[in-house]
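See below for the structure under consideration.
Computed from the coordinates by the stated procedures, all read-outs in this text should not be read as laboratory data. All figures in this text were calculated on a predicted structure; none of them were measured in a lab. Backbone-built Cβ (ideal geometry, glycine too); neighbour counts: all protein chains shown.
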Amino acid sequence: MRFHAPIIASVASIVAVSDSFVLPPPTGLFSVGSKAHVLPKITFDDPVAPNGTGTSILLNIFYPTKQKASPSKYIWSGLSSLYDTYFGLPNGSFRNVTARTAYEAEPLLLKEWKGLNLPTLIFSPPFAGPPSQVFHALISDLVSHGYSVVTMDHPYEQPYLQLPDGTGIPGLPFDYDTNTEEGVQLLQRVHEYRLTDADAVLEAMPALSKHLSIPLNLTHFSFFGHSLGGSAALSQILHQRNHTSKRKHRILGALNMDGSLWGPAAANDSSADLRIPSLILSSAYHKGDLQFADFDAQQSTWAKEINIGGKSNHTDFSDLIVLKQGLGISGGEGAVSADRMIKITRTLVESFQGYLLGKGEGILSGTNEIRAAWPELDWLYNKTGSGSA
């Protein structure tokens with residue numbers, strides 16, 4: 001994952017408190033619970049595993065709870081150190097962001113959880129960082145509105161992962177060069193195992209729910225992701241059509257945040273038709289991407305592509321925007337402020353999940369009133385149609 005050159009900036013309403021940065025609090029009724037789990041999964045010919053065979057996936061399950069939590073630092077020190085070195089900052093700078101997370105908290109009572117009647121959301125992160133942990137602002141807000149979110153990180157691909165027992169696993173550098181023939185081949189292979197990783201998670205969902213004592217919807221799912229993970233979210237729908245599952249399940253929709261397309265979703269023909277609702281969110285980095293236009297044209301049902309204007313950056317969908325703007329690494333004139341970008345991302349993603357449940361398009365409709373209230377947004381593709389639950 002490449003970063004853009006530093007631009008000195010300030011942050012409007014996300015402020016430093018005692019040298020720490022505080023993520024905007026979740027906007028829903030529930031607190032955020034979290035449990036980590038290592039799922040055994042053999043990946044033969046794994047391009048990032050030291051011995052060529054992957055053995056596991058790191059999962060983090062975020063779920064609604066009523067247990068309160070005080071703000072605490074949530075970015076692993078091993079990951080923070082890599083960012084500090086990359087940007088030439090004092091040690092510990094990137095760890096100085098806090099959020100309220102109730103680790104190992106009791107989930108909602110089963111009766112209350114069933115009353116929510118929401119799908120399980122599955123998140124796939126970018127290639128070579130940032131890992132899922134650094135999408136807390138978005139994920140925690142979804143959870144506060146009742147969703148359970150399962151995130152997937154593949155060991156030795158992400159620059160750094162920390163297992164539940166505290167073991168640190170180093171991986172690829174943030175600035176791994178994907179513009180070479182070798183880099184392109186690696187991206188293709190990583191995209192392939194992202195799909196089989198998700199297969200394994202879907203199959204393991206009942207056992208996972210039982211083992212961790214977390215109620216999860218085992219039949220209805222929605223996929224979303226950023227960068228390569230966003231492409232994988234779209235491709236997962238097409239992949240599932242040719243994959244025999246031991247369990248019956250239904251995928252309601254797929255959302256790609258700023259990810260170049262790989263695998264089945266990149267086919268510029270009718271085979272790329274998901275036949276279920278899809279949403280592409282793009283930054284200035286990907287505005288006018290012809291891949292997105294080709295994908296949009298193949299969709300037979302509800303599909304939209306919305307660009308976030310200004311000097312929006314590829315990594316601005318993650319928590320990095322808080323740290324980079326707060327530390328003066330990015331931002332400046334024309335940039336979307338961190339607090340505004342987080343609000344935009346949360347609103348768009350949650351509106352999509354709501355649409356899948358038959359709650360209407362909300363902000364996604366792109367009416368004149370919506371466009372006036374959200375001037376940063378540009379509807380590049382706006383196909384409406386059947387497809388919601």
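Working from the alpha-carbon coordinates of the stretch 16-383, get Rg over Rh, Rh being the Kirkwood radius.
Details: Rg = 19.2 Å, Rh = 20.7 Å.
That ratio is 0.93, to two decimals.
Neighbour counts of other C-beta atoms within 10 Å: give me Arg194, Arg247, Arg371 arranged from fewest to most. Provide the component values of the computation, followed by the final result.
Working: Arg194 28, Arg247 11, Arg371 15.
Ascending Cβ contact count within 10 Å gives the list Arg247, Arg371, Arg194.
Using the 10 angstrom Cβ neighbour count as an exposure proxy, how do Thr43, Thr27 rank, fewest first?
Numbers: Thr43 22, Thr27 13.
Listed from fewest to most nearby Cβ atoms, that is Thr27, Thr43.
Label points 7 Å out from Cα along the Cβ direction at Ile42 and Thr27: separation in nm?
Taking the simple label geometry, Ile42 and Thr27 are separated by 4.7 nm.
When the expected Rg is taken as 2.2 N^0.38 Å, what fraction or multiple of it is the alpha-carbon Rg of the stretch 235-389?
Against the compact-globule rule of thumb, the ratio is 1.09.
Which order do peptides 58-69, 219-230, 174-185 fall in by mean Cβ count within 10 Å, highest first? Intermediate values should be presented prior to the final figure.
Values: 58-69: 20.0, 219-230: 24.8, 174-185: 12.7.
Ranked from most to least packed, the peptides come out as 219-230, 58-69, 174-185.
Using DSSP to call loops (not H, G, I, E or B), can you name the chymotrypsin sites (Phe, Trp or Tyr not before Pro) in the stretch 284-326 whose Cβ has at most 15 other Cβ atoms within 10 angstrom? Don't jump to the answer; show the numbers that get you there.
Working: sites: Tyr285, Phe292, Phe295, Trp302, Phe317; in loops: Trp302.
Sparse-neighbourhood loop chymotrypsin sites (Phe, Trp or Tyr not before Pro): none present.
Let me know the whole percent of all Cα-Cα pairs from the stretch 123-249 that are separated by more than 17 Å. If you can, show how the numbers build up before the last one.
Numbers: 4954 of 8001 pairs.
Summing the P(r) tail past 17 Å for the stretch 123-249 gives 62 percent.
Once label points are set 7 Å from the Cα along Cα→Cβ at both Glu112 and Asp177, what is their separation, rounded to one decimal in nm?
5.4 nm
Students often forget the sequence filter, so: which lysines lie under 17 Å Cα-Cα from Lys68 once same-chain residues fewer than 8 apart are removed?
Straight-line reach from Lys68, under 17 Å: Lys35.
What is the Cα convex hull volume of the stretch 34-106 when expressed per residue in Å³? Present the calculation step by step, with values, prior to reporting the outcome.
Details: hull volume 8.1 nm³, N = 73.
Expressed per residue, the convex hull around the Cα atoms of the stretch 34-106 is 111 Å³.
Name the aspartates and glutamates eligible as straight-distance cross-link partners of Lys210: C-alpha to C-alpha under 14 Å, and not fewer than 8 places from it in the same chain.
Glu106
Over the stretch 16-383, calculate the relative contact order: mean separation of alpha carbon pairs under 8 Å at least 6 apart, over the residue count, as a percent.
On the way: 742 pairs, mean separation 54.0, N = 368.
That works out to 15 percent.
For the stretch 177-243, what relative contact order do you get, as a whole percent, if you take Cα pairs closer than 8 Å and at least 6 residues apart?
Details: 25 pairs, mean separation 19.5, N = 67.
Relative contact order, the stretch 177-243: 29 percent.
Which value, in Å³ per residue, describes the convex hull spanned by the Cα atoms of the stretch 49-200?
Details: hull volume 19.8 nm³, N = 152.
Enclosed volume per residue, from the Cα hull, is 130 Å³.
Please state the equivalent ellipsoid semi-axes for the stretch 310-389: what are the square roots of 5 times the Cα gyration tensor eigenvalues, largest first, in whole Å?
On the way: eigenvalues 152, 39, 18 Å².
Sorted largest first and rounded, they come to 28, 14, 9 Å.
Quick one: length gained pulling Thr367 to Gln298 fully straight, 0.36 nm per residue minus the C-alpha distance?
On the way: separation 69, 0.36 × 69 = 24.84 nm, distance 2.39 nm.
Net length gain for the segment: 22.5 nm.
Length gain on complete extension for the stretch Asn242 to Ser70, per 0.36 nm per residue less the alpha carbon to alpha carbon distance? Write out the running numbers ahead of the final one.
Values: separation 172, 0.36 × 172 = 61.92 nm, distance 4.55 nm.
Length gained between Asn242 and Ser70: 57.4 nm.
Given only helices, namely DSSP H runs of n ≥ 4 each adding -39500 (n - 2.57), what is the per-residue ellipticity at 222 nm of the chain, to the nearest 500 deg cm²/dmol? Walk me through the numbers on the way to the answer.
Working: 9 runs with 114 residues, N = 389.
Counting only the DSSP helices, I get -9000 deg cm²/dmol.
Please identify the helices of the chain, taking whole runs of DSSP H, that span at least 18 Å along their own axis as judged from the Cα atoms and have a mean Kyte-Doolittle score of -1.0 or higher.
On the way: long enough: 181-212 (44 Å, -0.24); 228-241 (20 Å, 0.17); 338-356 (27 Å, 0.00).
The answer, listed by residue number, is 181-212, 228-241, 338-356.
Name the aspartates and glutamates eligible as straight-distance cross-link partners of Lys359: C-alpha to C-alpha under 14 Å, and not fewer than 8 places from it in the same chain.
Partners found: Glu350.
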